[in-house]
1. Provide the descending list of Cα extents for the stretch 3-53 along its principal axes, expressed in whole angstroms.
2. Taking one equal scatterer on every alpha-carbon of the chain, how large is log10 of I(q)/I(0) by Debye at q = 0.09, 0.12, 0.14, 0.17 1/Å?
3. Can you tell me the order of 128-135, 100-107, 20-27 when each peptide is scored by its average per-residue count of other Cβ atoms within 10 angstrom, highest first?
4. From Cα pairs below 8 angstrom and at least 6 apart in sequence, can you work out the relative contact order of the chain, rounded to a whole percent?
5. Distance in nm between label sites at S185 and R111, each 7 Å beyond Cα in the beta-carbon direction?
6. In whole Å, what are the Cα extents of the stretch 28-121 along the three principal axes, biggest one first?
7. Find how much the distance from F56 to A124 grows on full extension, using 0.36 nm per residue of separation minus their present alpha carbon separation; answer in nm with one decimal.
8. Under the 0.36 nm per residue contour assumption, what length would be gained going from the current alpha-carbon distance of K22 and R134 to full extension?
Amino acid sequence: MNIPQDRLYAVAFGQQGFFTTKQALSVGYAARTHCYHVGTGAWIREHCGIYRLARFPVSPEGQYVLWSLWSRNRQEQPQGVFSHQTALSIHELSDLNPAKLHLTVPLKFRRNSTLPSILRLHWADLPDDDIEQRQGFRLVHPLRAIADLLRDGSESNDHLRQALRQAMSRGLITRAGLKRHPDRSAIESLLRGTRS
């Protein structure tokens with residue numbers, strides 16, 4: 001039985017096949033062996049310090065896991081939460097198909113590396129109530145995404161109204177939740193179609 005392999009599989013399983021260099025080290029893979037595993041085709045290097053086990057099928061949501069891992073801090077904890085247009089797309093609300101992945105990171109978030117061109121960062125310290133966990137990544141709830149987009153004016157009211165109505169009809173946003181939201185009046189105006 002190959003213990004490091006089993007441990008790495010357990011880590012990668014919760015992250016749709018992805019893992020980091022530090023995670024591989026923590027389960028027993030020596031740093032000098034990483035190139036070997038890439039060379040044999042067992043590991044696929046997806047980004048600097050981030051790999052995917054080749055035996056895991058490629059998932060449409062894999063890109064979210066990859067960039068979530070990119071946002072990790074020194075303790076290997078992902079900091080980014082998918083938000084704005086990307087969150088609405090993941091929730092399958094409206095017909096938005098953003099060209100970039102919108103990721104909200106904490107106000108203290110810093111990276112020394114160049115920002116990948118696929119990402120658009122937003123800075124905010126999100127409350128836990130606004131965040132939903134998926135397999136290997138996090139995203140904001142639809143109400144938070146709509147409120148952020150309404151606040152920054154980056155999407156048309158028609159798109160946002162469509163997303164809001166779809167979320168309400170699917171039970172992702174409730175009237176009670178809307179009444180407690182700090183941007184309630186603006187969102188209710190949007191719903192009625194009275195916001196210009």
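1. Ordered largest first, the stretch 3-53 gives principal extents of 23, 20, 17 Å.
2. At q = 0.09, 0.12, 0.14, 0.17 Å⁻¹ the computed log10 ratios are -0.40, -0.65, -0.82, -1.07.
3. 100-107, 20-27, 128-135
4. Relative CO of the chain lands at 15 percent.
5. Rounded to a tenth, the inter-label distance reads 3.8 nm.
6. 44, 32, 21
7. 21.2 nm
8. Value of the extension gain: 38.1 nm.
Since every read-out is calculated from the coordinates, none of them should be taken as a lab result. Note that the structure is predicted; figures quoted are calculated from it, not measured. Methodologically, a virtual Cβ is constructed for each residue, glycine included, from the backbone with ideal geometry; neighbour enumeration extends over all protein chains shown.
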